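Let me begin by presenting the structure, written as C-alpha cells, before commenting on it.
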Amino acid sequence: MSIPDLTLNDGRSIPQLGFGVFKVDPAETERIVTDALEAGYRHIDTAAVYRNEEGVGRAIAASGIPRDELFVTTKLWNDRRGADDTRAAMGESLEKLGLSHVDLYLIHWPTPAAGSPVETWETLAALRDEGLATSIGVSNFDERYLPEILATGIIPAVDQIELHPQFQQRPAVSLAAEHDIKIEAWGPLGQGKVDYSGGAIGEIAERLGVSWAQVVIAWHLASGRIVFPKSNRRERMEENLAGAAVQLTAADVAAIDALDTGAAGRVASDPAEVS
Ligand code: NAD
C-alpha cells in the first residue's frame, strides 16, 4: 500500500496516513504498534499523557525498520510549561521512546487558564534547532489560540485538531491554510461516537464497494489533511491503511463537506475548557 507524503512548511515530509495510539493500553502497546508496523504504517502518533511511549519505543526498536523510514510524533502534556520543564519533559519522552529525536513535537493543548504559551513554544523552537525534534507544531490551537503562536514569528508545521465530517473546524482550517500549516485531524472517524455508516458516506461506500471508514479516510486525504486513525485490531488497521487507495470524485468530497454542522458537531473537549 503506497501512502502519500506531504511536504510541511519547514520542507520536511510526513506520511499523510499514520497510526494513533490514544487509549491504547500501555501493556498492549508494543504488540499493537508491532501489528501496525507489520501492516505497513510508518507514522505513529503518541503523547506523553497516553503513557504508552515506552511500548511505542519497544515496537520501533524490535521492528528493525530504519529510523529514517519512520515518522514519530509525541506531545508535551499540559502540566509541563516554561523553558526548563518543557526541556525536561521532552528528554523524558525521548528516553521512553528510546529515540535521539522525534519527527514532530507538539504542544498538546493551549491550556488558556495556564497563561501564555509563548515561552513554551519558543522552547520547542530551540529544541528543534538543537535537533531533538525535526519539526514542531501545536495541537488543539483553533482560531482563538493560533494567533498568539503566529505572533511569535515561529510558524507551526502542523495544527492537530479534532476534525471529522460533522465537525470540520472551518475557521481554524482557513487560518492555518493562510500560513501553510498542515491540519492533522484527530478523531478522524469521530472516535466511534458518531454513526457515519449511513447517509452520503454510506451511499459512497456502497457505490465504491468499500467501508464507511475507508470513505472518511479517503475524504481527509483528498482534502490535504494528515490522519492517524486508531484501532487495536489488525484487520481494521489494514482496512484503514487501504483507505489511501480509495478514489473519491469531487462530488463525493463535496457531499461529505456538506455534512459539517459547525460547533455542534464537536464530540470531544473544547480547548477553552482543558487545563
Ligand atoms: P478515531 O476517530 O481514530 O476513532 C478510533 C475508534 O474508531 C476506534 O477505537 C474504533 O472504535 C473505531 N474504528 C477504527 N477503525 C475503524 C474501522 N475501520 N471501522 C469502524 N470503526 C473503526 O479516534 P482517535 O483514536 O481519538 O483519534 C486518532 C488519533 O488522534 C489518536 O489515536 C491520537 O493519536 C490522536 N488524538 C489526538 C488528540 C489531541 O488532543 N491531540 C486527541 C484525540 C486523539
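Taking the criterion of being of a type in the set (K, R) and either more than 19 Å from the chain's Cα centre (by Cα) or over 18 Å from I3 (Cα atoms) (or both), the residues of region 184-225 that qualify are K193, R207. Here's a check for you: in region 19-31, which residue that is part of a loop (DSSP other than H, G, I, E, B) and surrounded by fewer than 23 Cβ atoms within 10 Å (Cβ to Cβ) is farthest from the ligand (Cβ to nearest atom)? That would be D25.
Would you be able to say whether some residue in region 153-163 is touching a strand residue (DSSP E or B) at 6+ places or on another chain (Cβ under 9 Å), at pLDDT 95 or above, over 25 Å from V253 (Cβ atoms) and away from the ligand (no atom under 11 Å from the Cβ)? Yes: one or more hits.
Scan region 43-63 residue by residue and report those that are within 15 Å of the ligand (Cβ to nearest atom) and either touching a helix residue (DSSP H, G or I) at 6+ places or on another chain (Cβ under 9 Å) or modelled with pLDDT under 95 (or both). Result: I44, T46, A47, A48, Y50, R51, N52, E53, G55, V56, A59.
Can you name the number of the only condition in (1) touching a helix residue (DSSP H, G or I) at 6+ places or on another chain (Cβ under 8 Å); (2) within 16 Å of the ligand (Cβ to nearest atom) that M90 fails? (2) is the only condition that M90 fails.
Contact map, region 249-275: first residue in contact (Cβ under 8 Å) with a residue 60 or more places away in the chain and in a loop (DSSP other than H, G, I, E, B), second residue small (G, A, S) and surrounded by 11 or more Cβ atoms within 10 Å (Cβ to Cβ), Cβ cut-off under 9 Å, separation 6 or more or different chains; pairs are L259/G199; L259/A200; L259/G265; V267/G187; V267/G190; A268/G187; S275/A114.
Restricting the search to region 1-18, which residues are touching a strand residue (DSSP E or B) at 6+ places or on another chain (Cβ under 8 Å) and part of a loop (DSSP other than H, G, I, E, B)? Once the filter is applied, which keeps residues that are touching a strand residue (DSSP E or B) at 6+ places or on another chain (Cβ under 8 Å) and part of a loop (DSSP other than H, G, I, E, B), region 1-18 yields I3, P4, L8, N9, D10, R12, Q16, G18. Taking region 99-120 as the range and being crowded, with 19+ Cβ neighbours inside 10 Å and either more than 21 Å from the chain's Cα centre (by Cα) or within 16 Å of the ligand (Cβ to nearest atom) (or both) as the test, the residues that pass are V102, D103, L104, Y105, L106, I107, H108, W109, P110, T111, P117, T120.
Condition first: part of a helix (DSSP H, G or I) and over 26 Å from T86 (Cα atoms). Now tell me which residues in region 32-57 satisfy that. Walk me through how you get there before you give the answer.
The initial filter retains those residues of region 32-57 that are part of a helix (DSSP H, G or I), namely 32-39, 48-50, 53-57.
I32, V33, T34, D35, A36, L37, E38, A39, listed by residue number.
For the structure I just gave you, tell me whether I60 is more than 16 Å from the chain's Cα centre (by Cα) and closer than 19 Å to V227 by Cα.
On the way: more than 16 Å from the chain's Cα centre (by Cα): yes; closer than 19 Å to V227 by Cα: no.
Here the answer is no, as I60 does not meet what is asked.
Pairing residues of region 56-76 that are free of Cβ contacts under 8 Å to residues at least 60 places away in the same chain with residues that are part of a loop (DSSP other than H, G, I, E, B) and among the aliphatic types (A, V, I, L, M), at Cβ distances under 6 Å and at least 6 apart in sequence or on separate chains, gives T74/A47.
The values are calculated or read from the model by the stated rules, or taken from the named source; none is laboratory data. Being a predicted model, the structure only gives us computed values, none of them experimental. Backbone-built Cβ (ideal geometry, glycine too); neighbour counts: all protein chains shown.
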